[in-house]
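The values are calculated or read from the model by the stated rules, or taken from the named source; none is laboratory data. Just so it is clear, the structure is predicted and the values come from calculations on it, not from any experiment. We place every Cβ from the backbone using ideal geometry, glycine too, and count neighbours over all the protein chains shown.
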Amino acid sequence: MGFARLQPRRRLTGPRTGPRTGPRTGRRYGFLALAALLSAAGASACTAPESGRAAPPAASPPASPSKAARGFTLVASGDVLPHDSVIARARDDATDPTADGYDFRPMLAAVRPVVSAADLAICHMETVYGADGDYRGYPFFTSPPQIARGLAATGYDGCSTASNHSLDDGADGIRRTLDAMDTAGLVHHGSARTERESTTPARLRAGGAEVAHLAYTYDTNGRPQPEGQPWAVRLIDEERIVADARAARRAGADVVVLSLHWGTEWQTEPDDRQLALARSLTAATTGGRPDIDLILGTHAHVPQAYEKVNGVWVIYGMGDQIAGPMFDYTGARDHRGNMGTIGRFTFAPPKTPGGRWDVVRAEYVPQWYDTDDGRVVNLPAALADDPGRDDYRAVSETITEAVLGRGAARDGLVAAR
């Protein structure tokens with residue numbers, strides 16, 4: 001297994017500073033026992049609103065660490081889910097003629113200082129891109145491709161692209177999405193245009209490390225893989241994930257990051273399948289070293305806990321970063337659907353040759369998408385500027401309660417700006 005090549009990161013001037021959901025989501029996790037449990041579960045549709053630098057090819061094991069090896073920071077954030085109101089906001093924000101009709105940079109501006117300051121930043125692109133102005137939200141999303149440019153301008157280096165909406169527009173949707181990401185300089189994993197691409201993890205360089213990024217989803221809302229392309233979307237299968245992680249390590253990865261689109265929508269607590277899979281994946285080792293160094297979860301649309309499992313940090317769910325007004329299974333507006341976090345992890349180089357890159361600091365940044373203003377709010381920064389905003393404080397407290405719900409503070413997780 002080789003690596004996908006990261007295009008040179010674009011640097012900006014200045015500091016790096018509707019209808020309700022369908023039935024409860026089904027899950028697909030690969031083990032026969034779990035598959036049997038899930039076979040009767042229905043597919044879900046997402047809730048709806050109103051009607052780094054390039055790294056050289058690697059084919060050999062990681063080199064021994066040297067005194068010059070540098071640590072790095074990695075940030076990751078949750079679902080980017082452009083409903084109709086989000087698309088309209090980006091159209092209204094496109095006052096710059098170079099924006100080509102849609103500009104997603106203003107709605108992400110508040111988190112740009114956090115994202116762009118990291119050595120490596122990973123997003124989750126939930127939807128596929130449309131063409132020629134055919135852009136729409138729920139239930140079958142086709143988003144403006146300009147969003148890729150907005151994510152790159154915010155400081156993201158790559159995105160996971162495996163989700164239950166990856167096949168909303170078939171193979172053409174995948175092709176348009178990945179083509180736009182390539183043009184924007186975003187690496188990606190989770191969906192693919194070719195079989196070779198499907199088995200090639202995103203490869204990024206951060207600090208002194210080679211980082212492999214792998215992404216998988218529980219299902220595609222019951223939509224079959226395109227004819228002749230059974231590899232188009234990577235589905236969760238534990239044995240495959242471990243094999244892919246080990247292959248990435250053999251190909252030169254110092255750190256393996258895994259994105260999983262999983263969990264039960266609208267449930268703050270991670271479900272039993274998330275907990276079981278997190279335990280088994282983090283227990284997988286080779287030569288006493290974990291095969292996976294970090295797990296990033298998406299899909300539930302609400303913030304879920306961070307937890308250290310078998311010595312590996314797991315984010316069960318980062319919540320939504322961008323989404324229109326969200327409605328739960330009863331049809332009621334649920335403001336948790338616009339809450340999320342940015343996870344930030346500082347990795348230190350191994351102390352001995354061939355050793356593990358350890359997370360020496362784990363942080364979270366509460367964020368909220370303000371549907372009235374069409375802006376992502378960095379809550380700690382906003383509260384520092386305006387301590388009297390009780391609405392921001394209440395949202396931040398709700399997020400924090402979910403994030404710390406499984407004892408992450410005892411393992412050193414702290415809030416950050």
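Residues in segment 164-200 that are touching an Asp or Glu at 6+ places or on another chain (Cβ under 7 Å) and of a type outside the set (A, V, I, L, M, F, W, C) were compared, and the one that is surrounded by the fewest Cβ atoms within 10 Å (Cβ to Cβ) is ASN164.
Here GLY208 meets each of (1) modelled with pLDDT under 95; (2) out of contact with any Pro (no Cβ under 8 Å at 6 or more places or on another chain) with one exception, condition (2).
Of all the criteria given as (1) in contact with a strand residue (DSSP E or B) (Cβ under 9 Å, 6 or more places away or on another chain); (2) assigned to a loop (DSSP other than H, G, I, E, B), the one not satisfied by LEU281 is (2).
Among residues of segment 188-216 that are within 24 Å of ILE315 (Cα to Cα), those with a Cβ under 6 angstrom from a residue that is among the hydroxyl-bearing types (Ser, Thr, Tyr), sequence gap 6+ or separate chain, pair up as HIS188/THR161; GLY190/SER160; GLY190/THR161; SER191/THR161; SER191/SER166; ALA215/SER160; ALA215/SER259. Looking at ARG250, ARG223, ARG234, just one residue is out of contact with any Gly (no Cβ under 9 Å at 6 or more places or on another chain) and at pLDDT 95 or above, and that residue is ARG250.
Being more than 30 Å from TRP368 (Cβ to Cβ), in a loop (DSSP other than H, G, I, E, B) and of a type outside the set (Asp, Glu): is that true of ALA253 here? Show your work before the answer.
Working: more than 30 Å from TRP368 (Cβ to Cβ): yes; in a loop (DSSP other than H, G, I, E, B): yes; of a type outside the set (Asp, Glu): yes.
The answer is yes for ALA253.
Take GLY337 and tell me if it is of a type in the set (Gly, Ala, Ser) and either in a loop (DSSP other than H, G, I, E, B) or modelled with pLDDT under 95 (or both). Answer is no for this residue. For segment 358-374, a residue qualifies if it is surrounded by 24 or more Cβ atoms within 10 Å (Cβ to Cβ) and either touching an Asp or Glu at 6+ places or on another chain (Cβ under 7 Å) or more than 26 Å from ALA409 (Cβ to Cβ) (or both), and exactly one does: TYR369. Do the conditions hold for PRO230, that is, is it in contact with an Asp or Glu (Cβ under 9 Å, 6 or more places away or on another chain), of a type outside the set (Val, Ile, Thr) and more than 26 Å from SER77 (Cβ to Cβ)? Answer is yes for this residue.
Under the condition of being over 29 Å from THR127 (Cβ atoms) and among the hydrophobic types (A, V, I, L, M, F, W, C), the residues counted in segment 262-311 number 3. Looking only at segment 212-228, residues that are over 15 Å from the mean Cα position of the chain (by Cα) and crowded, with 18+ Cβ neighbours inside 10 Å come to 3 in all.
Pull up segment 381-417, narrow it to residues that are basic (Lys, Arg) and not in a helix (DSSP H, G or I), then point me to the one that is nearest to SER116 (Cα to Cα). Talk me through it step by step, then tell me what you get.
The initial filter retains those residues of segment 381-417 that are basic (Lys, Arg), namely 389, 393, 406, 410, 417.
Those still in the list that are not in a helix (DSSP H, G or I) too: 389, 406, 417.
Numbers: ARG389: 26, ARG406: 29, ARG417: 13 Å.
Filtering segment 381-417 for residues that are basic (Lys, Arg) and not in a helix (DSSP H, G or I), the one nearest to SER116 (Cα to Cα) comes out as ARG417.
The single condition among (1) among the hydrophobic types (A, V, I, L, M, F, W, C); (2) over 15 Å from ARG406 (Cα atoms); (3) surrounded by fewer than 23 Cβ atoms within 10 Å (Cβ to Cβ); (4) within 16 Å of the chain's Cα centre (by Cα) that VAL257 does not satisfy is (3). Taking every residue in segment 112-128 that is more than 15 Å from TYR364 (Cα to Cα) and pairing it with any residue that is β-branched (Val, Ile, Thr) and assigned to a strand (DSSP E or B), at least 6 positions away or on another chain, the pairs with Cβ-Cβ distances below 6 Å are ASP119/THR73; HIS124/THR298; MET125/VAL80; GLU126/VAL80.
For segment 112-138, the tally of residues that are under 24 Å from ILE342 (Cα atoms), of a type outside the set (Gly, Ala, Ser) and surrounded by fewer than 24 Cβ atoms within 10 Å (Cβ to Cβ) stands at 3.
For segment 64-154, please list each of the helices (runs of 4 or more DSSP H) lying entirely inside it that holds at least 2 residues being under 18 Å from the mean Cα position of the chain (by Cα) and within 24 Å of ARG176 (Cβ to Cβ).
Values: elements: 84-92, 105-108, 112-117, 146-154.
Hits in segment 64-154: 105-108, 146-154.
When ALA171 is tested against (1) out of contact with any helix residue (DSSP H, G or I) (no Cβ under 7 Å at 6 or more places or on another chain); (2) in a strand (DSSP E or B); (3) farther than 30 Å from ARG375 by Cβ; (4) among the small types (Gly, Ala, Ser), just one condition goes unmet, and that condition is (2).
Okay, residues lined up against (1) modelled with pLDDT of 95 or more; (2) not in a strand (DSSP E or B):
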| site | (1), (2) |
| --- | --- |
| LYS308 | yes, no |
| ASP320 | yes, no |
| THR330 | no, yes |
| THR341 | yes, no |
| TRP368 | yes, no |
| ASP372 | yes, yes |
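Before we move on, is GLY340 buried (at least 20 other Cβ atoms within 10 Å of the Cβ), under 25 Å from VAL256 (Cα atoms) and out of contact with any helix residue (DSSP H, G or I) (no Cβ under 6 Å at 6 or more places or on another chain)? So GLY340 fits the description; yes.
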